[in-house]
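What follows draws every value from the coordinates through simple rules; no lab data is involved. Since the model is a prediction, treat every value here as computed from it, not as a measurement. Cβ atoms come from the backbone with ideal geometry, glycine included; neighbour counts cover every protein chain shown.
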Amino acid sequence: MSYMVGFGARYPRHVHHRGASMPSVRDHPTRIGCDEGFRYLHSPDPDANVLVGAVVGGPDGSDDAFTDSRDNYAQTEPSTYTNTPLIGALAFFAVGRHR
């Protein structure tokens with residue numbers, strides 16, 4: 001299981017992120033109010049938009065289990081503290097190649 005969205009054959013399909021779960025303006029051109037968004041948050045359907053490259057929280061600490069559910073924000077939310085270290089490491093390697 002990859003915890004980077006869009007990487008590998010198995011990755012999170014129910015990311016706790018409004019941009020991932022809500023339909024695009026092209027697919028749903030009318031306004032979606034804030035309260036109406038809960039319909040998408042609690043939907044069992046996979047994300048309408050794949051957040052390629054986002055790193056989610058990952059497995060729990062007790063038994064290495066992962067529940068791919070938008071309601072499970074601790075494991076499925078892409079946050080700055082899970083993505084920033086990766087960006088820093090990738091930036092380091094990218095700069096190293098050009099020197």
Legend entry - Tally of residues being of a type in the set (Lys, Arg) and closer than 15 Å to Met1 by Cα across the range 16-69: 0
Inset, instruction - Tell me, please, whether a residue that is in contact (Cβ under 8 Å) with a residue 12 or more places away in the chain, surrounded by fewer than 18 Cβ atoms within 10 Å (Cβ to Cβ) and either out of contact with any helix residue (DSSP H, G or I) (no Cβ under 8 Å at 6 or more places or on another chain) or closer than 21 Å to Ala89 by Cβ (or both) can be found in the range 60-69. - result: no
Legend entry - Of the criteria (1) without any contact (Cβ under 8 Å) to a residue 40 or more places away in the chain; (2) on the phi > 0 side of the Ramachandran plot, which one Tyr11 fails: (2)
Legend entry - Flag for Leu41 being out of contact with any Phe, Trp or Tyr (no Cβ under 9 Å at 6 or more places or on another chain) and either surrounded by 13 or more Cβ atoms within 10 Å (Cβ to Cβ) or charged (D, E, K, R) (or both): yes
Legend entry - Considering residues of the range 1-40 that are among the hydrophobic types (A, V, I, L, M, F, W, C) and under 21 Å from Tyr81 (Cα atoms) only, the residue farthest from the chain's Cα centre (by Cα): Met1
Inset, instruction - Considering only residues that are of a type in the set (Gly, Ala, Ser) and under 13 Å from Tyr3 (Cβ atoms), look in the range 70-91 and name the one that is surrounded by the most Cβ atoms within 10 Å (Cβ to Cβ). - result: Ser79
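Okay, residues lined up against (1) touching a strand residue (DSSP E or B) at 6+ places or on another chain (Cβ under 7 Å); (2) under 19 Å from Gly8 (Cβ atoms):
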{"residue": "Arg26", "(1), (2)": "no, no"}
{"residue": "Ala48", "(1), (2)": "no, no"}
{"residue": "Val56", "(1), (2)": "no, yes"}
{"residue": "Asp60", "(1), (2)": "no, no"}
{"residue": "Asp71", "(1), (2)": "no, no"}
{"residue": "Ala74", "(1), (2)": "no, no"}
{"residue": "Asn83", "(1), (2)": "yes, yes"}
{"residue": "Leu86", "(1), (2)": "yes, yes"}
{"residue": "Gly96", "(1), (2)": "no, no"}
Legend entry - Residue within the range 12-25 that is loosely packed, with under 10 Cβ neighbours inside 10 Å and part of a loop (DSSP other than H, G, I, E, B) present: no
